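> Following this message is one structure expressed as structure tokens.
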Amino acid sequence: MSIVKKVKFENLGDLRGDLISLEQFKNIPFEIKRVYYLANTKKRESRGFHAHKKLKQVLIAVSGRCKVILDDGCQREEVILDSFQEGLLIESFVWREMHDFSENCVLLVIASEHYDEDDYLRNYEEFMKVVKNGTNT
Ligand code: T46
């Protein structure tokens, strides 16, 4: 089964322009505790390289595009985010890397938890140990 989970957003726009509404438990499948965004990213500067123990997130390229690599310890998949009308749902215990940001990329992130550095697994070997030993369940 694919680990790439995309969420389509209805466009409520009209002749004046586009409008996308994000609501917890409606088109965002968790309680929203934090919203942040990445901007002025550099094409050659990759980001991420971590997993979260508890946090779930939805990533939306509201402008531009970037490549996301997801890895759950069993499979590794690549997905391009290039539409403000869809989000990428990343569950907990999924390693993520973001690469190849376009010049105008703005990546909006809707998160299920407040910021907590203790929730991060920033070392790939440690991440693999945790998922292989099943200590994430
Ligand atoms: C993720 C991807 C998509 C905070 O203080 N508060 C925050 O809410 C965030 C997100 C970060 N920070 C601090 C932690 C670091 O000292 O900002 C610094 C840069 O964060 P980081 O290197 O984790 O940034 P990215 O772009 O590699 O990852 C971020 C999120 O941290 C992460 O959860 O999934 O965006």
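> From Cα coordinates alone, what are the radius of gyration and Dmax values for segment 49-116 in angstrom?
11.7, 33
> Beyond 27 Å, what share of the Cα-Cα pairs of the chain remains, rounded to the nearest whole percent?
Taking all Cα-Cα pairs of the chain, the fraction more than 27 Å apart is 19 percent.
> Averaging sequence separations of C-alpha pairs under 8 Å and six or more residues apart, then dividing by the length of the chain, give the relative contact order as a whole percent. Don't jump to the answer; show the numbers that get you there.
On the way: 315 pairs, mean separation 45.6, N = 137.
Result for the chain is 33 percent.
> Sticking with this one: For a test of the definition: using alpha carbon positions, the gyration tensor, and the 1.5 limit on a/c, classify segment 17-70 as rounded, prolate or oblate.
Working: a/c = 2.41, a/b = 1.21, b/c = 1.99.
Because a/c hits 1.5 or more and a/b fails to exceed b/c, segment 17-70 counts as oblate.
> Any idea what the alpha-carbon Rg over 2.2 N^0.38 Å comes to for segment 1-41? The partial results should precede the final answer.
Working: Rg = 13.5 Å, N = 41, 2.2 N^0.38 = 9.0 Å.
Scaled against compact globular proteins, the figure is 1.50.
> Measure off 7 Å from each Cα along the Cα-to-Cβ vector at Lys8 and Asn40, then give the distance between these two points in nanometres to one decimal.
Roughly 3.7 nm, to one decimal.
> May I ask for the net charge around Asn11, where only other residues with Cβ less than 13 Å from the Cβ of Asn11 are counted and Lys, Arg are +1 while Asp, Glu are -1? Intermediate results must be reported in sequence, preceding the final value.
Details: positive: Lys8, Arg16; negative: Glu10, Asp14, Asp18, Glu86.
Summing Lys/Arg as +1 and Asp/Glu as -1 gives -2.
> What's the longest uninterrupted piece of the chain once you rule out the chymotrypsin sites (Phe, Trp or Tyr not before Pro) that are loop residues per DSSP with at most 14 other Cβ within 10 Å?
Values: sites that count: Phe25, Tyr115.
In short, 26-114.
> Working from Cα positions, state the angle (0 to 90°, nearest 10) between the long axis of helix 124-133 and the longest principal axis of the chain.
Computed tilt is about 70 degrees.
Every number here is computed from the coordinates shown, using simple stated rules; none is lab data. This structure is a prediction, so every number in the text was calculated from the model and none was measured. Glycine gets a Cβ as well: all are built from the backbone with ideal geometry, and neighbour counts include every protein chain shown.
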